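Here's the structure we're looking at; comments come further down.
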Amino acid sequence: MESVPTNQQSSEEMNDDYSLDRVPREKRNMGWLSITNITFGIATAIFYFQMGSVMALQFGAINAIISAVYAIVIAGILGTFIAYLSAKSGMNVNLLSRGGGFGYVGASLTSFIYATNFIMYCALEGLILIAAVHSFFPAIPEWLLIVFFGSIVIPLNWFGIKQLDKLQKWSLPLFFLFLIAAIIMAALTPSTYNGTFWNYMPEGVQVGGTALLLCIGMQHGIMGLTPLLASDYARFLKPKDTKIGIFAIGFIPQIFCFGIMGGLGIWFGVRLGEPNPGVYIVLLLGIWGALFTMLTQVRINITNIYSGSLSLSTFFENIFKFTPGRRFWVVVTGITAMILMLGGIVNHLDTVMTFQGVFLMTWASILVTDAVIVKKLLKIGPLYYEARQQNLYKWNPVGVISLLVASALGTAAALGFMGSFLQSTAAFFAALLAAVITVTLAVATKGKYYIKNENKEVSEEDYIA
């Protein structure tokens, strides 16, 4: 049986963020510019500076640039498809997974790992901020800075998506002001490299080959996140904005993440000879650099907290019938991120990002394959998404087996057990493998486990096929 929300939770979830069911069509009232603006919270994270700088200094600027173009194209295509599915159905990826090949308990597997992903990134982004502030105020203990900055994002998430829209909208001009100032100061600083920045190549490194594959491998660690993240916001998109909105939500954040922020990271890294933006932004702008870092990290972390809280809400409702409301999970997400910061999550970054990159790309691949090939082309299963437990099976082998097998083999490949080529392309390999398994299992099971009871209340306008 589907859990019955309490009055308090019902008021919050049904009238605010719809973490446990589809957004009704009359509540999909946000324009594509507002939705795209909210997704800019992640696009303006200086983590992308760091990715660009590290890749350029280790593997050469041109390899870093080629990998950025690859990331924009692949993540943009995935993001556009997932934004379309969310806008049409009114659901985020956690809910889409229930009727998109996983079943309602199977989908909880993705919800939980997705939540840990956002909590981890919240901790990593927070540590960049802590390092920048601590460099100016070394007398303040780091643990106190972690508690302070880890706490302030909790009230900033209290009132849901409308509050996020306002915060991102009003802070974006400040972000661009700081960014322009950093670019000007870097241009006035003598370069450590004499040639044009895109010609920079470390000794013994060539264009293409292993160096390019290693850059692509680094991009895989993050590029599965932004396409999936878009679904938390695209579900509120006005139906009349769907055509332009899905491309804007799908591609604009990717262009900014990997193209502009990543590209500037390449330029900063080569020009200043420093891979860490927490160091060079402060060197360029002084105390204003610390404020710039603070602004970017608060912008990204309110997005991380929001998506993490939605995922935890879905997981605990599915498994434990525990529905205290999204705000409870905002607090849990924030506190858990602080614990990870205090525990030194950054020391395990490589291992964590390897698994997260494979998992996120695999999950996105299954959702898109299920929608485009299984539902639309093969007409297997219902042509709409169902999220209500009483209408679903607990498990659907199509998505669950695809995810487990492809993620396991992809992780093994990423750890080097299948050769150097698959090690660098593990996430892409896992995504392709998941697509093949998804179609194979959907045909083999004839769509039997997609739906238990037909939902006749779903409007035909919400059908994806």
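The values are calculated or read from the model by the stated rules, or taken from the named source; none is laboratory data. Given the structure is predicted, the values throughout are model-derived calculations rather than measurements. Using ideal geometry, Cβ is built from the backbone for each residue, glycine included, and neighbour counts are taken over all protein chains shown. Each accessible area value is taken on the protein alone, full model and side chains, heavy atoms only, with ligands, DNA and RNA left out. Shrake-Rupley method; radii C 1.70, N 1.55, O 1.52, S 1.80 Å.
For the reader, a short list of remarks on this structure follows.
- Checking each residue of region 106-117 against the condition of being over 19 Å from the mean Cα position of the chain (by Cα) and modelled with pLDDT of 90 or more gives at least one match.
- Of residues in region 143-178 being of a type in the set (S, T, N, Q), touching a residue at least 12 places away in the same chain (Cβ under 8 Å) and within 17 Å of ILE42 (Cα to Cα), the one surrounded by the most Cβ atoms within 10 Å (Cβ to Cβ): ASN157
- Count of residues meeting criterion [open to solvent by 20 Å² or more (accessible area, probe 1.4 Å) and within 15 Å of GLY224 (Cβ to Cβ)] in region 104-122: 2
- Residue among GLU457, GLU461 that alone is among the acidic types (Asp, Glu) and either without any contact (Cβ under 8 Å) to a residue 24 or more places away in the chain or within 26 Å of VAL105 (Cβ to Cβ) (or both): GLU457
- Scanning region 182-196 for residues that are in a helix (DSSP H, G or I) and surrounded by fewer than 16 Cβ atoms within 10 Å (Cβ to Cβ) yields ILE183, ILE184, ALA187, LEU188.
- Condition broken by ILE305, with the remaining ones in (1) in contact with a Ser or Thr (Cβ under 6 Å, 6 or more places away or on another chain); (2) on the phi > 0 side of the Ramachandran plot satisfied: (2)
- Scope region 364-406; condition surrounded by fewer than 24 Cβ atoms within 10 Å (Cβ to Cβ) and without any contact (Cβ under 8 Å) to a residue 60 or more places away in the chain; matching residues: LEU377, PRO397, ILE401, LEU404, VAL405
- Residue within region 286-298 that is assigned to a strand (DSSP E or B) and either buried (at least 24 other Cβ atoms within 10 Å of the Cβ) or touching a residue at least 40 places away in the same chain (Cβ under 8 Å) (or both) present: no
- Residue count, region 313-344 (criterion: part of a helix (DSSP H, G or I), open to solvent by 10 Å² or more (accessible area, probe 1.4 Å) and not aromatic (Phe, Trp, Tyr)): 11
- THR445 passes every criterion in (1) touching a helix residue (DSSP H, G or I) at 6+ places or on another chain (Cβ under 8 Å); (2) open to solvent by 40 Å² or more (accessible area, probe 1.4 Å) apart from (2).
- Residue in region 198-211 that is without any contact (Cβ under 8 Å) to a residue 12 or more places away in the chain, open to solvent by 50 Å² or more (accessible area, probe 1.4 Å), small (Gly, Ala, Ser) and not in a helix (DSSP H, G or I) present: yes
- Residue match in region 415-438 (condition: on the phi > 0 side of the Ramachandran plot, free of Cβ contacts under 8 Å to residues at least 24 places away in the same chain and surrounded by fewer than 15 Cβ atoms within 10 Å (Cβ to Cβ)): yes
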